[in-house]
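Read through the structure below, which is laid out as structure tokens, and then see the notes.
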Amino acid sequence: MRLVLLGPPGAGKGTQAERLVAHYNIVPLSTGDMLRGAVAAGSAVGCKVKDIISRGDLVPDDLVVELIAVQIDAPEAGNGFILDGFPRTVGQAEALDRLLKERGLKLDAVIELKVDEAALLARIERRIAEHKAKGHEVRSDDDPAVLKQRIENYRRQTAPVSDYYRKTGALVLIDGMKPMDTVEAEIEQALQKRAMA
Ligand code: AMP
């Protein structure tokens, strides 16, 4: 199973990605996690992207495309993957198409979690409070001002990705405002329906 999960910050992509990973025995590929890992490791890529991430802006397409290409080729991804946070621009979506085509692979579906923007800030603020209560480190970009920038970037740069996949017929729209278990069940149903079509 090869999936893309789309949705703005706070839409619940992380939670649903975890569930899909367990259900289909596939690997999660989150460009955000990879980039944060690079920053934490102090690598050359990390140094390049640190400030961009802190501002809530997008890092250059070629950089994330390269990260994803390496992961798609890894043996662990043999059974499939779920892309979380990638592609985030139409350029990245086109690059992903090329990458997959060169390898004779295809996406099974692109799941978009639709959420009410007004609810996003509240959700993220709750996530920050929960992380703090558990003594976990809070992400540098989980800050109300940066979050607004991330949502704005999503609207400007990532929303067109949804149109791109609508045109290819891969897009599955799911109401992300429902409880997590309902969202999970609706994703499963939609994937089963596509598999039978
Ligand atoms: P995320 O964990 O997916 O919310 O990503 C955190 C940050 O990493 C984003 O705000 C961007 O700065 C950067 N990032 C992650 N994925 C991408 C991507 N596909 N393209 C460009 N920047 C990305």
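The values are calculated or read from the model by the stated rules, or taken from the named source; none is laboratory data. Since the model is a prediction, treat every value here as computed from it, not as a measurement. In this analysis, Cβ positions are derived from the backbone assuming ideal geometry, glycine residues included, and neighbour counts consider all displayed protein chains. Just so you know, the surface numbers come from the protein's heavy atoms only, side chains and all, with ligands and any DNA or RNA stripped out. Shrake-Rupley method; radii C 1.70, N 1.55, O 1.52, S 1.80 Å.
Filter segment 78-127 down to residues that are of a type outside the set (A, V, I, L, M, F, W, C), open to solvent by 70 Å² or more (accessible area, probe 1.4 Å) and closer than 29 Å to Asp142 by Cβ, then give me how many there are.
The total comes to 7.
Being within 8 Å of the ligand (Cβ to nearest atom) and among the hydrophobic types (A, V, I, L, M, F, W, C): is that true of Ile52 here?
Yes.
Does Glu152 satisfy the criteria of being open to solvent by less than 70 Å² (accessible area, probe 1.4 Å), more than 12 Å from the ligand (Cβ to nearest atom) and either acidic (Asp, Glu) or in a strand (DSSP E or B) (or both)?
no
Suppose the filter is surrounded by 21 or more Cβ atoms within 10 Å (Cβ to Cβ), away from the ligand (no atom under 11 Å from the Cβ) and among the hydrophobic types (A, V, I, L, M, F, W, C); does Leu35 pass it?
Here the answer is no, as Leu35 does not meet what is asked.
I'm trying to understand the selection: among the residues of segment 113-133, which are in a loop (DSSP other than H, G, I, E, B) and at pLDDT below 90? Give the derivation first.
Our first condition is that a residue be in a loop (DSSP other than H, G, I, E, B); within segment 113-133, this holds for 115-116.
Correct list: Asp116 only.
Can you run down the residue pairs with Cβ atoms below 6 Å, 6 or more apart or on separate chains, where the first is in segment 150-173 and free of Cβ contacts under 8 Å to residues at least 40 places away in the same chain and the partner is loosely packed, with under 12 Cβ neighbours inside 10 Å?
As it stands, the answer is none, since no pair meets every condition given.
Does segment 13-31 contain any residue that is near the ligand (Cβ under 9 Å from one of its atoms) and either open to solvent by 80 Å² or more (accessible area, probe 1.4 Å) or among the hydrophobic types (A, V, I, L, M, F, W, C) (or both)?
no
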